[in-house]
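No lab work stands behind these numbers, since they all come straight from the coordinates. From a predicted model like this one, the values you see are computed outputs, not experimental measurements. Cβ: placed from backbone, ideal geometry, glycine included. Neighbour counts: every protein chain shown.
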Amino acid sequence: MADAPAGGGLSIKPMDQFEVLPLFGGTEIRMFTITNVTLWMFLAVLVITLILVLGSRGRAVVPSRAQSIAEMAYGFVYNMVIDVAGKDAGKFFPYIMTLFMFILTANLLGLIPTAFTTTSHIAVTAIMAFAVFITVTVVGIVKNGTDFLSLFWVSSAPLILRPILAVIELISYFVRPVSHSVRLAGAITAGHAVMKVFAGFAAFAAIAPLAIIAMVAIYALEFLVAGIQAYVFAILTCVYLKDALHPHH
């Protein structure tokens, strides 16, 4: 967590925990190199499979814990999709459910000591964000044709302001994947960096009790952030999907 430099004092390196490393030794990372990112993404998929597939395959009247979690997650995400994007967005529920469960599980696994948080890397969150952007854009064009352009034309605004608002709407539309991905990666990175800083302060006997108390509080907060960030990513996907299905202002 913290290293003591030769000159004394304490050297805390909160960003070292985000370093991508080959899983089976070496230093060079190629396209198909298995890294710590690969491992923890696989574990996230494995946990989701155990809960949603194996845990609920019995479909018991009195559900097990795994089945209860699966049913609550299913109902929560399905209601969110229908309430935000409309009933015709129900066909996209499996996609949004997959995004929500992967982000939530990856965030929670990242809170295990010595674990790697995959959602702290912009490379991971950007892929998901651009996939949402491309999917939403294609759906909007296929479903609405040229009417999809009405998303950028604010017909309720005064005529003289409409061209200016159209440019603003166009820019904000293409910035969506950037903000969508940076929001998640930034929140997770910041939280984990702060946790490591306070963990490093625990090495000082004089302030160790305060550092530990602060660490526990921040750790509890990060549990909340893990769920909130998964929810925010999913609900923004629903909002973007609603714009694609119903582009008229």
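A compact table of results
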| item | result |
| --- | --- |
| Stretchable slack from residue 54 to residue 204, in nm (0.36 nm times residue separation minus alpha-carbon distance) | 49.4 nm |
| Approximate spin-label separation residue 33-residue 190, in nm, with each point projected 7 Å along Cα-to-Cβ | 3.1 |
| Values of log10 I(q)/I(0), in the order q = 0.19 Å⁻¹, for the stretch 30-164 under a Debye, Cα-only, solvent-free model | -1.18 |
| Summed side-chain charge close to residue 236 - residues other than residue 236 whose Cβ falls under 10 Å, Lys, Arg +1, Asp, Glu -1 | +2 |
| Square roots of five times the Cα gyration tensor eigenvalues for the chain, Å | 38, 25, 18 |
| Segment residue 153-residue 123, extension gain: residue separation times 0.36 nm, minus the distance between their alpha carbons | 7.5 nm |
| Model label zone, residue 111; criterion: amide N under 13 Å from point 7 Å along Cα-to-beta-carbon; scope the stretch 208-240 | 216-230 |
| Inter-part distance where the stretch 137-196 and the stretch 214-246 are each reduced to a Cα centre, Å | 17 |
